[in-house]
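Below: one structure, written as structure tokens.
The values are calculated or read from the model by the stated rules, or taken from the named source; none is laboratory data. Treat the numbers as computed from the prediction; the structure is a model and nothing was measured. Here the Cβ positions follow ideal geometry from the backbone for every residue, glycine too, while neighbour counts run over all protein chains shown. Areas reflect the complete protein model, heavy atoms only, side chains present, ligands, DNA and RNA absent. Shrake-Rupley method; radii C 1.70, N 1.55, O 1.52, S 1.80 Å.
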Amino acid sequence: MLSQEALAQIDQEARKYPAEQRQSVVMSALRIAQAELGWLSRETIAFVADYLDMPAIAVYEVATFYNMYDLEPVGRHKLTLCTNLPCQLQGADRIAEHLKARMGIDFNETTADGRFTLKEGECMGACGSGPLCLHNNHRMHTHLTPESVDKLMDELK
Amino acid sequence: MSLHIPDTQVCLWTLGHENPSSLATYTAHGGYEAIRKILAEKMPAGEIIEQVKVSALRGRGGAGFPTGLKWSFMPRDYVGDKYIVCNTDEGEPGTFKDRDILIYNPHQLIEGMLIAGYALGARAGYNYIHGEIFEQYQSWEKALEEARAAGLLGHDILGSGWDFDLHAHHGYGAYICGEETALLESIEGKKGQPRFKPPFPASFGLYGKPTTINNTETLASIPWIMRHGGQAFLELGKPNNGGSKIFSISGHVNKPGNYEIPLGTPFATLLEMAGGVRNGHKLKAVIPGGSSAPVLPGEVMMDLTLDFDAIAKAGSMLGSGAVIVMDETVCMVRALERLSYFYYEESCGQCTPCREGTGWMHRIVRRIEHGQGRPEDLEELVRIGGNIAGRTICALGDAAVGPVVSFVRHFRAEFEYHIENKRCLVGA
Ligand SMILES: Cc1cc2nc3c(=O)[nH]c(=O)nc-3n(C[C@H](O)[C@H](O)[C@H](O)COP(=O)(O)O)c2cc1C
Ligand code: FES
């Protein structure tokens, strides 16, 4: 289900923890699985559980607890905009309106062509550079303006 | 206008140097000298802890607990593994200083964790890094590789015979994991739900072993203290509030950003460094220590100095040093609506008062904001707050109540106007 590279990455992460604490790698394993498969289906979760020798329910608990795991399919490009207060004060609402208008969707929706998913996020610990958003969980784009949002969207095919 | 920025930078001094994050830059300016000296002299752990006590370093993660005292809780003659854990789960709205430490001075954090690991007899350390800053998770791992290659981590560090290693653990989006025992659960591969205390982490921490958890900025301050002495650090700040502190200032200022200044600096000075209130607007309100800290009216804030004791005396908290500035255009009901949503969304669901109460508070604030408020709503908010605060396993419950109660207390007229007139007082 996961590629050899993904499994090798999980094994690499597992070396950080004592051998008898293999469960510690579950968060990384789910992240790596999601990066490869786009989202976490029940089957993927069961596979990770098997690989780590954990009960599937324990892995499912982790996958449902942390906000950045996607338990449903998302578009090729998931943009998560921080709308918490500091970013709001610095203009996140205007960016939210712009993103919604350009994509033609609301928060928690995906465009019909499967290109974009728009999410609302909580403080990402970078408020001084807000408004800002996260692209596919791992890349942050700061100091957003309607113009920079347009440019970003054009780059994401 | 040129502003005098005092030369008192403890953590972010690498800014302005070329390649601020590199090992070469750090070592060229005295980096890793403190741990070298400690290892060469086989300095007794008690001496290190004593310096940290003298420094009056207080935890930079929010609670302001004296670090030296915390370290002295670790059992000294425990046989078995012990751990040091760094808390970079920076998720308290308004706080963005630890990310800058990872970006601009990753090696000082590594050295701080080495010194802490040595002083506390730990076999390894973990740094729990906020989910949304994956790029810094990767770059800090690179810094670890650099340190390992230079013999500063791993087996027989600098030929001293001491073994110690550090690792990064990546979070994935849960504010609650900043709470130290939720963080430990999360490293163990579980849902991040806080543990009941006691037992405290110093006796039952990561994997059930004695563990000390400190904030990133706390640990990154340690090398400075060991290099210059605890007394020098204390003198940077003021009694009981040692050192400089990074203030993350955001919201309605011209130059949001991090400013590392001595504890005890007047708020007015910080505001000036940040370019003042945007567009020449009037200052309305300030949340001085991250969103969980009670809000204070602007005019109260203008008379305060930025240190743990002064802010506490004024009825709020210095917290993480996250200063959220609001100007006269802000509707306080709307601002509170967003904050109350945050706590509702992030409550881990373990304790009933917090799980249910944060939702109730959010729905009431939302209906006031949307013109459906009822006359009894303000009393109801305060009453619900009273039934959450102090009745939960961790402090998230109290954190959720702080903003609600303080917004209503200091800006009651605005809330009442919303309820009576079904619209906003700001701009009316
Ligand atoms: C809900 C909640 C969130 C917290 N978030 C953080 C955080 O993001 N970073 C942090 O260092 N401490 C956070 N804390 C405080 C930690 O529990 C702990 O006190 C701190 O990491 C200890 O380090 P220090 O003594 O060096 O400050 C949080 C506490 C609570 C209750
Ligand atoms: S509020 Fe948006 S990053 Fe902190």
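Miscellaneous remarks
- Along each principal axis, Cα extent of segment A:77-156, largest first, Å: 34, 22, 21
- Partner chain coverage, peptide B:76-86 - average Cβ within 10 angstrom: 0
- Length added when fully stretched, B:Glu380-B:Arg148, from 0.36 nm per residue minus Cα-Cα: 77.9 nm
- Compared with the dominant Cα axis of chain B, that is its longest principal axis, helix B:396-410 is turned about 40°.
- Dividing the convex hull volume of the alpha-carbon atoms in chain B by its residue count gives 131 Å³ per residue.
- Overall, the anisotropy analysis places segment B:61-218 in the oblate class: the square-rooted eigenvalues a ≥ b ≥ c of its C-alpha gyration tensor yield a/c not less than 1.5, with a/b not exceeding b/c.
- Rounded D (µm²/s) - segment A:4-65, Kirkwood Rh over Cα pairs, Stokes-Einstein at 25 °C, 0.890 mPa s: 214 µm²/s
- Relative packing of peptides A:78-89, B:164-175, B:413-424 - highest average C-beta neighbours within 10 Å first: A:78-89, B:164-175, B:413-424
- Förster radius 60 Å - calculated FRET efficiency between B:Arg227 and B:Ala413, Cβ distance, rounded to 0.05: 0.70
- Around the Cα centre of segment B:255-336, unit charges on the Cβ atoms of Lys, Arg, Asp and Glu (plus for the first two, minus for the last two) sum to a dipole of about 300 debye.
- D (Stokes-Einstein, µm²/s), Kirkwood Cα radius, segment A:1-155, 1.002 mPa s at 20 °C: 128 µm²/s
- In sequence order, calculated HN-Hα J values of segment A:127-138 (Karplus, 6.51, -1.76, 1.60; Hz; x Gly/Pro): 3, x, 10, x, x, 8, 9, 10, 9, 6, 6, 10
- Lys/Arg +1, Asp/Glu -1 at C-beta; the protein assembly as shown dipole; positive extreme among B:Ala314, A:Leu89, B:Leu39: B:Ala314
- Calculated diffusion of segment B:282-428, Stokes-Einstein form, Kirkwood radius summed over Cα pairs, 25 °C and 0.890 mPa s, µm²/s: 160 µm²/s
- Accessible area buried, both sides summed, chains B and A with 1.4 Å probe, Å²: 4000 Å²
- Computed about the Cα centre, the dipole magnitude for chain A is approximately 300 debye when only Lys and Arg (+1) and Asp and Glu (-1) carry charge, each at its Cβ.
- Size descriptor, Kirkwood hydrodynamic radius, that averages inverse alpha-carbon separations across segment B:1-154, Å: 16.8 Å
- Solvent-accessible area of the protein assembly as shown (1.4 angstrom probe, protein heavy atoms only): carbon and sulfur portion equals 51 percent.
- An oblate overall shape is assigned to segment B:291-374, the ratio a/c of its alpha-carbon gyration tensor axes (a ≥ b ≥ c) being 1.5 or greater and a/b not exceeding b/c.
- Axis angle, to the nearest 10 degrees, between helix B:377-388 and the longest C-alpha principal axis of chain B: 30 degrees.
- You can think of it this way: the chain between A:Thr111 and A:Ala46 has 20.5 nm of extra reach, that is 0.36 nm per residue less the Cα-Cα gap.
- 0 to 90° range, to nearest 10: angle between helix A:146-155 axis and chain A longest Cα axis: 50 degrees
- Across every direction, the projection of the convex hull enclosing the Cα atoms of the protein assembly as shown has a mean area of 26.1 nm².
- Mean per-residue shielding of peptide A:85-97 is 6, counting Cβ atoms of other chains within 10 Å of each Cβ.
- Note on chain B: helix-only mean residue ellipticity at 222 nm, from DSSP H runs of 4+ residues weighted -39500 (n - 2.57) and normalised by residue number, equals -13000 deg cm²/dmol.
- Full-stretch length increase - B:Glu356, B:Glu420 - with 0.36 nm per residue and alpha-carbon distance subtracted: 20.3 nm
- Student exercise, segment A:4-65 dipole from Lys, Arg, Asp, Glu Cβ charges, in Debye to nearest 20: 160 debye
- Accessible surface, segment A:4-65, averaged per residue in Å² (probe 1.4 Å): 48 Å²
- Cβ neighbours within 10 Å from other chains - mean over B:336-345: 3
- Expressed in Å, the radius of gyration and Dmax of the Cα atoms of segment B:154-285 are 19.8, 60.
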